[in-house]
1. Of the numbered conditions (1) within 20 Å of residue A:269 (Cβ to Cβ); (2) under 18 Å from the mean Cα position of the chain (by Cα), residue A:348 fails exactly one; give the number of that condition.
2. Which numbered condition trips up residue A:361, out of (1) modelled with pLDDT of 95 or more; (2) outside any helix (DSSP H, G or I)?
3. Hey, could you check segment B:364-396 for residues that are in a loop (DSSP other than H, G, I, E, B) and among the charged types (D, E, K, R) and say which is surrounded by the most Cβ atoms within 10 Å (Cβ to Cβ)?
4. Is there any pair with a first residue in segment B:139-161 that is within 21 Å of residue B:83 (Cβ to Cβ) and modelled with pLDDT of 95 or more and a second that is part of a loop (DSSP other than H, G, I, E, B) and among the acidic types (Asp, Glu) whose Cβ atoms are under 7 Å apart and which are 6 or more apart or on different chains, and what are they?
5. Can you say whether residue A:107 is buried (at least 16 other Cβ atoms within 10 Å of the Cβ), outside any helix (DSSP H, G or I) and free of Cβ contacts under 8 Å to residues at least 60 places away in the same chain, as far as the supplied structure shows?
6. So residue A:153 passes all but one of these: (1) in a loop (DSSP other than H, G, I, E, B); (2) more than 19 Å from the chain's Cα centre (by Cα); (3) under 22 Å from residue A:284 (Cα atoms). Which condition number does it fail?
7. Going residue by residue through segment B:6-17, is there one that turns out to be over 30 Å from the mean Cα position of the chain (by Cα), modelled with pLDDT under 95 and not in a helix (DSSP H, G or I)?
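The values are calculated or read from the model by the stated rules, or taken from the named source; none is laboratory data. All values reported here derive from a predicted model rather than from experimental measurement. Heads up, the Cβs are rebuilt from the backbone with ideal geometry, glycines too, and the neighbour counts pull from every protein chain shown.
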Number of protein chains: 2
Amino acid sequence: MRRGSNLPAVGTYNQTLVLDLIRRSADGLSRSELAERTGLSAQTLSNVARRLVDTGMVVEGAPVVAGKGKPPTPLRLNPQSRFAVGIHLDPAVDTFVLVDLAGTVVAHEEHAPHPGPEHGMPLPDLASRANELLDRAGVRRDRVLGIGVAAPGPIDAERGSLLEPPMLPAWHHVPLRDSLQQATGLPVTVEKDVVAAMVGELWVDASQGLGEAIFFYYGAGVGVGLAVDATPVRGRTGNAGDVAHLVVEPGGPACRCGNRGCLGVAVAPERLIEDAGLGAGTAPAEWRALLGEMTERALAGDARAGAVFDRTAESLARAMVAMNNLLDADVVVIGGPMWSRISRALEPRLARALATSTESTTTRGIELLGTRLHTDVAAVGAACLVLDGAFTARPAGLMIG
Amino acid sequence: MRRGSNLPAVGTYNQTLVLDLIRRSADGLSRSELAERTGLSAQTLSNVARRLVDTGMVVEGAPVVAGKGKPPTPLRLNPQSRFAVGIHLDPAVDTFVLVDLAGTVVAHEEHAPHPGPEHGMPLPDLASRANELLDRAGVRRDRVLGIGVAAPGPIDAERGSLLEPPMLPAWHHVPLRDSLQQATGLPVTVEKDVVAAMVGELWVDASQGLGEAIFFYYGAGVGVGLAVDATPVRGRTGNAGDVAHLVVEPGGPACRCGNRGCLGVAVAPERLIEDAGLGAGTAPAEWRALLGEMTERALAGDARAGAVFDRTAESLARAMVAMNNLLDADVVVIGGPMWSRISRALEPRLARALATSTESTTTRGIELLGTRLHTDVAAVGAACLVLDGAFTARPAGLMIG
């Protein structure tokens, strides 16, 4: 339901917008540059700037002397003024990061995931690991805005919990958000991993070129995060982004849905590994290493590994083209825990398959970008959920709460 | 690029929002009801209401006496205070409608489409038909806000023209928007037909239940209009909504893209007609009548027609589920020029196929709705593009222009 707008809502929005612009600029921006970009009056801009400097998030740079008159002082971000914690729950590894206001990772830890419900509640582990991360980083608690948690879907966005993601039995219906909030004293946000990854990409996108974009997540499973008008698409229940059942290889391997050649089974890590001759029935914890080995073989000229990458590139391209035909985004960002192990062999093949697609209806080509979040993109994205909620200027924020 | 906000932008937005709420209410709303829903103060609301009454778009209803004190007077829409023209260019028929502020069709005409470039420029025809529609309806020109044109993609949104839609050769690269604007003296907007249809559905959606929605368009071709946060998804170039190459029937008929079983060929009207035994190689102008005949046969128990509808329902359901898995909309609206001819036979089959889908990942079911725009949905949608541009309250309107 749309709400009205009033002056306090406008004040908050303008302050967030100016912070957003300063944050995304490499060398800071002067008050007059900011007034021009935002359309705000010099007086309004000056008030907003003063309030931002008061919060400590923005600092005055050294005056830039050029010509006569009072030299302009650029306003710059103070990245260490605020922090957020990101946690990625994954079947293979739990990742914890501490991220500053610029989106830079300042602490990073990995832990084996909780083994399952028969070993007791997973929540005390999670809370103590988050608390330890903050203690070791030596960051003042009042500078930490909150904790974001990214997990495979389906999630219950209203309750802030996971429903029944098949590979994470320990977390089914555990009241994640509320309990973690209580145990850490920090606000907690729970999102699907692919949505978090898209939010992370938008946060660090200095050029703001990702207005319409598809984030393709390649991990133990596949999924996508979508952006429309630079806003992440969550869907009605927070579970947007499922592409596992797009048919990309008719006659291909059987899927548990009853069809053949669904994307999820066609490009599954264990299938790539098996078809390249590196082992059948491998476990999630081994996949990253085995995919790395497969990449080395393909780059060294191994025909079998090369053929599997060729087929995988075709399948991924078909799914990306289908989604791009629907959304007319023309930008696909790719990342995720398994992607970094295969990108050197797969990315050139994928770019070729996209460029030669006969199904693409876009009037321009599809631009393929690697993720800018090199650590665990979903963990960094999870931290960015917190930063984004507090400090991304979206027009929706202009409405009376 | 986001812009700042200021008091004039807020004033315009609040006025549009209040008009929006009044328009969508069946019996009008009192000032106090409007203040509660918008969050605006009584004073602001009173000023906004006065300005709306001054424009003639809103009128004071009769006081509702209930209890003591001054009885509240509901504010109601004056539907005849503003109008818009909608034009749908289609391979089979060109449709012209005049729509009032409530989205009601007050005039409706159909013409054979322009035969092609060898018969001269199609623009003079279009302009004189639009002018004649207005003259015959006897509507004052100063009450007509503009003309919306809906056409099959791909469109050039920046130039307001069609690129090269295969079935509309007369219109390739014709400067549609600018020339029609000049010939009629009215502002003109050009959009893809499926986007226009989605805009029309959003305009007449009194309950505002279509926040996230997929409009499935079944005409000479298929396509979809998407809504995210009650805002139509246009894509980067205005060409969002292409689903013709989703594989829904592996091993099915060959598509010009080189694959088999793409949605566009799997559910094409000419295929249904041929497989039901009603004629091969039929022309677009015959399809509506033949599909109507096919529906009668299926309803009378004809097994051949029934089996074709069964297969078609499966194919449509797979495409809808794939899109809904991606967008988590949980609402699909279906319409378009051919749909009304087959809906009685196809809709129950489709609802069943959606309910039993093994590929659906939504945590809730998919709700299937028929279009509320019973005439040509793309033509009404085209008119609604104009109304929507002027009078839908979206937070983006809060930014400094």
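1. Only one criterion is unmet by residue A:348, namely (2).
2. (1)
3. Per the criteria, the residue is B:376.
4. Between residues of segment B:139-161 that are within 21 Å of residue B:83 (Cβ to Cβ) and modelled with pLDDT of 95 or more and residues that are part of a loop (DSSP other than H, G, I, E, B) and among the acidic types (Asp, Glu), there is no close pair.
5. Taking the combined requirement at face value, the residue satisfies it.
6. Checking residue A:153 against (1) in a loop (DSSP other than H, G, I, E, B); (2) more than 19 Å from the chain's Cα centre (by Cα); (3) under 22 Å from residue A:284 (Cα atoms), the one that fails is (2).
7. Yes, there is a match, as at least one residue in segment B:6-17 is over 30 Å from the mean Cα position of the chain (by Cα), modelled with pLDDT under 95 and not in a helix (DSSP H, G or I).
One line per residue, one yes/no per condition, for (1) aromatic (Phe, Trp, Tyr); (2) away from chain B (no Cβ under 11 Å); (3) buried (at least 23 other Cβ atoms within 10 Å of the Cβ):
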| position | (1), (2), (3) |
| --- | --- |
| A:174 | no, yes, no |
| A:179 | no, yes, no |
| A:190 | no, yes, yes |
| A:206 | no, yes, no |
| A:217 | yes, yes, yes |
| A:224 | no, no, yes |
| A:244 | no, no, no |
